[in-house]
Amino acid sequence: MTEPLITQINPPSDLIDLGMGNPDLDLLPLKILQESAEDFFSKEDSRYLQYGLEQGDSYFRSALARFLSNAYEHPVDPEMLFVTSGASSALDLLCTLLTQPGDTIFVEEPSYFLALRIFSDHGLRAVPISMDDEGLLIDELDEKLAEHKPKFLYTIPAFQNPSGITQSTTRRNLLVERARENKFYVVADEAYQFLPLAQMRPASFAGYTREYEQVISVNSFSKILAPGLRLGWIQAHPSVIQRLAASGLLESGGGMNPYTSALVRELIENGNLDANISRLRNEYGRRLRA
């Protein structure tokens, strides 16, 4: 007898639920992950089943840095990368280290509703900032800055969830300028960065991180490989990375997902990650047109 499929959400079989960010099961790359796991176990290297480095496995971060350097078309330093258990855990850790209950943060209006749940769990007061077709309204941001001192501003700059808006370069530069002047962080959730469908890929907020301590880029393999991997990364200035790696969570448990990192490193190095992203873009583009 076939066991029932247990997932985070089980919609009726005749319903296509466009309200959640769950990929079609047919788009999850089972075969290449199976091959990667077989390669991993054939090496009989048990180190990746041990507690890992707090910042994340250095071999994985080096492979990820090469992937990002090619994608962003500028060098990415592995020491500016921090491995997470997905974007949600990254947001939770950033809230833990950068805020206290009762602090104010800024969010886009509208924003990703489950991120708002994380902020609520930390007792944060989320102040909304309106958007237009170019992203956050800077005039409204200035008005709110006259009233509040936010710890950070949470933005989804590329293909925003739920609006689909991509923030313009001018707005991005002005936002970073305001963050520097007013001493708050910009936390950019860039989970959709590698999946442009009808336009060129926009520049990433990660490009600001080498020069500006105020900018933190959060990303994930959930959209470009599989959500169940629970693997992602933060790219930030070294001072921010050092603070993350020194957290009590990491000192106790070691780095996040060393085993999964080893599997994904194989996919990066053998080109299967790039091939999977290309496949997803083609298929999502076809479905968008339909």
Determine, yes or no, whether residue 150 is in a strand (DSSP E or B) and either in contact with a strand residue (DSSP E or B) (Cβ under 6 Å, 6 or more places away or on another chain) or buried (at least 22 other Cβ atoms within 10 Å of the Cβ) (or both). no
Take the residues in the stretch 153-170 that are of a type in the set (A, V, I, L, M, F, W, C) and in contact with a strand residue (DSSP E or B) (Cβ under 9 Å, 6 or more places away or on another chain); name whichever of them is nearest to residue 93 (Cα to Cα). 153
Per the list (1) in contact with a Cys (Cβ under 7 Å, 6 or more places away or on another chain); (2) closer than 30 Å to residue 275 by Cα, residue check on residue 112 breaks on (1)
Considering residues of the stretch 156-197 that are β-branched (Val, Ile, Thr) and touching a helix residue (DSSP H, G or I) at 6+ places or on another chain (Cβ under 7 Å) only, the residue nearest to residue 22 (Cα to Cα): 187
Reported set for the stretch 256-290 where residues are closer than 22 Å to residue 22 by Cβ, open to solvent by 50 Å² or more (accessible area, probe 1.4 Å) and not in a helix (DSSP H, G or I) is 290
Condition (residue is under 26 Å from residue 140 (Cβ atoms), surrounded by fewer than 21 Cβ atoms within 10 Å (Cβ to Cβ) and out of contact with any Asp or Glu (no Cβ under 9 Å at 6 or more places or on another chain)) applied to the stretch 89-99: is it met by at least one residue? yes
Just one listed residue, out of 97, 137, 91, is over 15 Å from the mean Cα position of the chain (by Cα) and in contact (Cβ under 8 Å) with a residue 60 or more places away in the chain, and it is 97
More than 30 Å from residue 277 (Cβ to Cβ) and either in contact with a Phe, Trp or Tyr (Cβ under 7 Å, 6 or more places away or on another chain) or not hydrophobic (A, V, I, L, M, F, W, C) (or both): does that describe residue 181? yes
Residues that are free of Cβ contacts under 8 Å to residues at least 60 places away in the same chain, open to solvent by 10 Å² or more (accessible area, probe 1.4 Å) and under 23 Å from residue 77 (Cβ atoms): list the helices (runs of 4 or more DSSP H) wholly contained in the stretch 159-255 that include at least 1 such residues. 169-182, 238-245
Within the stretch 116-140, count every residue that is farther than 20 Å from residue 201 by Cα and surrounded by fewer than 20 Cβ atoms within 10 Å (Cβ to Cβ). 16
Could you give me the residue pairs with C-beta distances under 7 Å whose first residue belongs to the stretch 60-71 and is closer than 13 Å to residue 206 by Cα and aliphatic (A, V, I, L, M), whose second residue is surrounded by fewer than 20 Cβ atoms within 10 Å (Cβ to Cβ) and modelled with pLDDT of 95 or more wherever it lies, and which are 6+ apart or on separate chains? 65/77; 65/78
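The values are calculated or read from the model by the stated rules, or taken from the named source; none is laboratory data. What you are looking at is a predicted structure, and each value in this text was computed from that prediction instead of being measured. Heads up, the Cβs are rebuilt from the backbone with ideal geometry, glycines too, and the neighbour counts pull from every protein chain shown. Please note that ligands, DNA and RNA were not included when accessible areas were found on the heavy atoms of the full protein model with its side chains. Shrake-Rupley method; radii C 1.70, N 1.55, O 1.52, S 1.80 Å.
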